[in-house]
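Quick note: the coordinates plus some simple rules give every number you see, no bench work behind them. Predicted, not measured: the structure shown is a model, and the values here were computed from it. With ideal geometry, Cβ positions are generated from the backbone for all residues, glycine too; neighbour counts draw on all protein chains shown.
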Amino acid sequence: MLWTFLFLSQPSNLITFLALWFLFSIATLSPFFLITIFLGWWYAAFRFEVILSGAAGDDDIPDISFSGDFWNELVLPALKWFISWLFVMMPLLVYLITNIANGSISVQIIVPLALGGVSTLLQFGSDPWIPILVVVGMVMWPISILCVTIGGLGTLLRFDLMLVTMVKSFGGYIVTLILLGIAAGIAIAFELYLTPAGGSLFSADAIINNAIKVGINLYLDIVLMRIIGLYYRHFKNKFAWDWG
């Protein structure tokens, strides 16, 4: 895990990272929404490959490539990534839908928060159950995405086996969660610090701040995916599945 934080010391990893950094820095400023969607779908596949490389004990992160297989390299990985988050956030979604239906929570309030992602939902203070259920989902997400990566979507049907695996590998899973929390906290802190109030998105300062945020988020994201893979590599004998 310590080596994972230094993955950029490998020249090949550094080149791949710089290429990704450039692509995402440009994409976040691009007015072409379809390009951003395309890149996001492709990046979902890359994330799965990073997890697999960590699970295999590789020091190198995967190369960035696209063979032209639209379904297997774009659509399917994006769906798997989305479903993994939908699965762990299902209690939150049920809670929100129930309270919106009975009028306890306003759609006008919750939709902007939901579009802002996990970080904005964690800051929602008027209803403590919302950040609590977000945290519960985040606790379950590493094991969920790992099961989807190694065993496929069908593993999400065995929630009981996920819990058994978490208990049997409790120490390793806690370390994974702590590192996930630290990375998320760093990302949120930089997001708040580097996001200017007002002003042009295309000013020199805004472009520089955007590039810094993209680089930090990308670095932390790769580290986390590798840590999740390493969690499997070192504790696979504790898993309730037999994946070799």
- Item | Overall Cα dimensions of the chain, principal axis frame, Å, largest first | 53, 52, 35
- Would you work out the charge dipole size for the chain about its Cα centre, treating the Cβ of every Lys and Arg as +1 and the Cβ of every Asp and Glu as -1, and quote it to the nearest 20 debye? 460 debye
- Note on the structure: Placing each pseudo-label 7 Å from Cα in the direction of the beta carbon, I174 and L29 end up separated by a distance in nanometres of 4.5 nm
- If you count, for each residue, the other Cβ atoms within 10 Å and average over each peptide, how do 147-157, 6-16 line up from highest to lowest? 147-157, 6-16
- Between H234 and D60, 0.36 nm times their residue separation minus their Cα-Cα distance comes to what? 60.9 nm
- Estimated [θ] at 222 nm from DSSP helical runs (n ≥ 4, -39500 (n - 2.57)) normalised by residues in the chain, nearest 500: -23000 deg cm²/dmol
- At 15 Å minimum axial length over the Cα atoms and a Kyte-Doolittle cut of 0.5, report the qualifying DSSP H helices in the chain, or say none. 11-27, 33-55, 76-88, 90-101, 129-151, 170-194, 204-235
- Would you look at the GNM of the chain, springs on alpha carbons closer than 10 Å, and say which of Y95, Y173, Y231 moves the most? Y95
- Query: In terms of Cα to Cα distance under 20 Å, which aspartates and glutamates are near enough to K213, apart from those fewer than 8 places away along the same chain?
  - Reply: E191, D205, D221
- Any residue on another chain or 5+ positions along whose placed amide H is under 5 Å from the amide H of A240 is listed here as T165
